[in-house]
Amino acid sequence: LLITGEGDLAKGSGSTAVFYAACVAILFSIVFFISKKLFSFQEAMDISFKGMGSLIPIGMLLVLALTLGDICKQLGTGDYLATLVKQNIPCFLLPAIVFGISCIMSFATGTSYGTLAIMIPIATPMADVTGIPLSLMLGACISGAVFGDNSSPISDGTILAGMVSGIKVIDHVKTQLPYALISATIALTMFLLTGILM
């Protein structure tokens, strides 16, 4: 962050800093494993490229989600939905509805970032038009996005947790899902109550 912000930590680019850190970690790992004679140079390269290749679908999903979010913003989807919702749905239900949709979307796609890229441009104008606090709507988006990211069988976090634990991904999902659903139910109830009390 200091490097990307030219000496100012607060101005640093988080995504660029993570990219630099990943590159340094990969290079260090390659040198370390070759020096310990655990892998040959060719094996280390093969493993590195195989790992990078497994991230391509995730990257594509994020690009598509960000594109869709940008299109929704440019088309005014959030404003349109906000006006439509204001006329037809009681405002106190909106935080719970946004949370529920974010949960379903993140579980189906396995990405919290992709869910946020789509939901935030929609939820922000809704908060504006309906008078619901923006922090509440953003909280609903983020909470729902994190739910799917932690419980979806196609989420990178779930896959890595299963791999690190040495168990099948679906077994990890089966053991994780009851706790995630209990938490989501409590969160949904709280978003509903907050909507009623605001």
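The values are calculated or read from the model by the stated rules, or taken from the named source; none is laboratory data. Keep in mind that what you see is a predicted model, and the values were worked out from it rather than measured. As a convention, Cβ positions derive from the backbone with ideal geometry for all residues, glycine included, and neighbour counts pool all protein chains shown. Accessible surface is based on the protein model in full, side chains and every heavy atom, while ligands, DNA and RNA are left aside. Shrake-Rupley method; radii C 1.70, N 1.55, O 1.52, S 1.80 Å.
What number of residues within region 161-173 satisfy the criterion of being within 19 Å of Thr111 (Cα to Cα) and open to solvent by less than 90 Å² (accessible area, probe 1.4 Å)?
The total comes to 6.
What number of residues in region 29-51 are open to solvent by 50 Å² or more (accessible area, probe 1.4 Å) and under 22 Å from Asp156 (Cβ atoms)?
So the count comes out to 4.
Can you tell me which residue among Thr194, Thr109, Thr130, Thr115 is in contact (Cβ under 8 Å) with a residue 24 or more places away in the chain, hydroxyl-bearing (Ser, Thr, Tyr), open to solvent by less than 70 Å² (accessible area, probe 1.4 Å) and farther than 25 Å from Cys72 by Cα? Spell out how you get there, then give the answer.
On the way: Thr109 fails: farther than 25 Å from Cys72 by Cα; Thr130 fails: farther than 25 Å from Cys72 by Cα; Thr115 fails: farther than 25 Å from Cys72 by Cα.
None of the others qualify; the one that does is Thr194.
Out of Thr158, Thr185, I need the residue that is among the β-branched types (Val, Ile, Thr), open to solvent by 80 Å² or more (accessible area, probe 1.4 Å) and either at negative phi or in a helix (DSSP H, G or I) (or both). Which one?
Thr185
Suppose we filter Ala123, Ala96, Ala108, Ala82 for residues that are closer than 30 Å to Met198 by Cα and modelled with pLDDT under 85; which single one remains? So that I can check it myself, show each step before the final result.
On the way: Ala123 fails: modelled with pLDDT under 85; Ala96 fails: modelled with pLDDT under 85; Ala108 fails: closer than 30 Å to Met198 by Cα.
The match here is Ala82.
Can you find a residue in region 133-155 that is hydroxyl-bearing (Ser, Thr, Tyr), over 30 Å from Pro57 (Cβ atoms), modelled with pLDDT of 90 or more and surrounded by fewer than 20 Cβ atoms within 10 Å (Cβ to Cβ)?
There is at least one residue in region 133-155 that is hydroxyl-bearing (Ser, Thr, Tyr), over 30 Å from Pro57 (Cβ atoms), modelled with pLDDT of 90 or more and surrounded by fewer than 20 Cβ atoms within 10 Å (Cβ to Cβ).
Considering only residues of region 136-155 that are of a type in the set (Gly, Ala, Ser) and in a helix (DSSP H, G or I), which is nearest to the chain's Cα centre (by Cα)?
In this case the residue turns out to be Ala145.
Checking Ser54 against (1) open to solvent by 50 Å² or more (accessible area, probe 1.4 Å); (2) under 26 Å from Gln176 (Cβ atoms); (3) modelled with pLDDT of 85 or more, which test does it fail?
Result: Ser54 fails condition (3) only.
For Ile167, work out the one condition from (1) over 19 Å from the mean Cα position of the chain (by Cα); (2) in a helix (DSSP H, G or I); (3) of a type outside the set (Phe, Trp, Tyr) it doesn't fulfil.
Of (1) over 19 Å from the mean Cα position of the chain (by Cα); (2) in a helix (DSSP H, G or I); (3) of a type outside the set (Phe, Trp, Tyr), only one is false for Ile167: (2).
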